[in-house]
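For reference, the structure discussed in these notes is given below.
The values are calculated or read from the model by the stated rules, or taken from the named source; none is laboratory data. Keep in mind that what you see is a predicted model, and the values were worked out from it rather than measured. In this analysis, Cβ positions are derived from the backbone assuming ideal geometry, glycine residues included, and neighbour counts consider all displayed protein chains.
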Amino acid sequence: MEARALGKGLAALIPEKEKSHKEEVIYVQIEQIKPNPFQPREDFNVQSIEELAQSIKEKGVIQPLLVRRKNDYYELIAGERRLRAANLLNLKEIPILVKNAGDLDSLELALIENVQRQNLNPIEEAHAYKYLIEKFQISQEKIAEVMGKAKATISNILRILKLPQEIQVEIRNDRISFAHGRVLLESEDVNLQRRLTQEIISKGLSVRELENLIKMHRPKGIKRRMQPLNKEPYIAVLEEELQQILATKVRISKRKKRGQISIEFYSTEDLERIVKVIKK
C-alpha cells in the first residue's frame with residue numbers, strides 16, 4: 001500500500017466548503033493580522049524570538065506567514081514566531097500567503113508545522129490531538145495517518161495527560177522527558193509518580209533506572225501493560241522517543257546485542273526534513 005504523505009490533510013476526513021479565494025502572496029499592515037485561536041503551541045521562548053528578530057532585521061521575512069481571511073482582517077494559521085519577531089522590530093508590513101481554510105485546516109496546518117519543526121513539547125502536542133478528537137471527532141487512527149505516526153504513539157502522547165498536572169509542567173519545561181513520563185504511567189500510584197519525578201530531577205535518573213525503580217514498587221503478580229508482546233520495555237520507550245523527535249514512524253528491532261532502526265518518510269521533502277533533524 002502506498003504511504004500517505006505527511007500532512008496531506010485532516011480536512012479530507014470531513015466535508016469542507018468549496019474554495020472561494022485563490023492563494024496569493026501579498027504585503028499587508030502587520031496590525032491587520034490576528035493570532036490563531038487554534039495555535040497548538042502554548043509556550044514561546046523569548047530568547048528564540050529575539051534571535052529570529054535579529055535574523056529578520058538582517059535578511060527580512062523570507063517565508064510569508066500563512067493566513068486566512070476573516071471579515072476585515074487576516075487570521076494567522078502558521079508563523080506566529082515570525083509574527084512576534086516582526087512585532088518586536090516594529091515592522092509596518094509583512095508578507096502573507098492567503099489560504100482558504102476552515103477551522104480544521106487552521107489547526108491542522110499549525111499542528112503539522114510545529115511538529116515538523118520540533119516546536120511543540122509533548123504536552124502541547126497531546127492537547128492539540130485531544131482538541132482534534134473532542135472538537136472534530138477525528139479518530140486516533142486518522143490523526144496517526146495524517147501525522148505520519150503510529151497509532152500507539154498518538155495514544156501514548158494522549159496518555160501523558162493522565163499524569164498529575166505538576167508532572168505535566170515538568171515535561172513541558174523539559175525537566176523530565178516524554179520517555180520518563182511514559183514510564184511513570186506504569187504506576188497508578190500518583191504519590192509514587194510525584195516522588196519518582198523529584199528523583200528524576202534531583203538525581204538525573206535515566207529512563208532505564210526509572211524502569212527499575214518502578215519494578216521495585218510494582219506489586220507482585222501485576223503484569224506490564226506498556227508495550228506490545230516480545231518488545232523490551234526500554235526499546236519500546238526509545239522507539240516512541242525517536243518518533244517524537246523525528247515526527248514520523250520509527251521501528252526498532254533488536255536481537256541480542258544487534259538490531260536495526262527503520263525510519264519512514266513519505267516524500268523527498270519529508271526525507272530531507274528528517275535528515276536535517278538527525279544532523280542537528
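Could you figure out which of (1) exposed (fewer than 13 other Cβ atoms within 10 Å of the Cβ); (2) among the β-branched types (Val, Ile, Thr); (3) in a helix (DSSP H, G or I) isn't true of Ile56? Unmet for Ile56, out of (1) exposed (fewer than 13 other Cβ atoms within 10 Å of the Cβ); (2) among the β-branched types (Val, Ile, Thr); (3) in a helix (DSSP H, G or I): (1). Taking each residue of segment 88-105 that is without any contact (Cβ under 8 Å) to a residue 40 or more places away in the chain and closer than 14 Å to Ala53 by Cα and looking for partners that are among the β-branched types (Val, Ile, Thr) and surrounded by 15 or more Cβ atoms within 10 Å (Cβ to Cβ) with beta-carbon atoms closer than 7 Å, six or more apart or interchain, yields Leu88/Ile49; Leu89/Ile56. Cβ separations smaller than 6 Å between residues 6+ apart or across chains give the following pairs from segment 114-127 residues that are more than 19 Å from Ile278 (Cα to Cα) to residues that are at pLDDT 85 or above and of a type in the set (Lys, Arg): Ile123/Arg172. Put simply, of Asn212, Asn156 the only residue that is part of a helix (DSSP H, G or I), over 22 Å from the mean Cα position of the chain (by Cα) and modelled with pLDDT under 90 is Asn212.
Could you tell me whether Ser177 is within 16 Å of the chain's Cα centre (by Cα) and of a type in the set (Gly, Ala, Ser)? So Ser177 passes the test. Mind checking whether some residue in segment 51-62 is in contact with a Pro (Cβ under 8 Å, 6 or more places away or on another chain) and closer than 23 Å to Ala101 by Cα? The answer is yes, given that some residue of segment 51-62 is in contact with a Pro (Cβ under 8 Å, 6 or more places away or on another chain) and closer than 23 Å to Ala101 by Cα. Among the conditions (1) hydrophobic (A, V, I, L, M, F, W, C); (2) surrounded by 11 or more Cβ atoms within 10 Å (Cβ to Cβ); (3) modelled with pLDDT under 85; (4) farther than 27 Å from Thr268 by Cα, Val61 misses just one, which is (4). Scanning segment 16-37 for residues that are closer than 18 Å to Glu108 by Cβ and at pLDDT 70 or above yields a count of 3.
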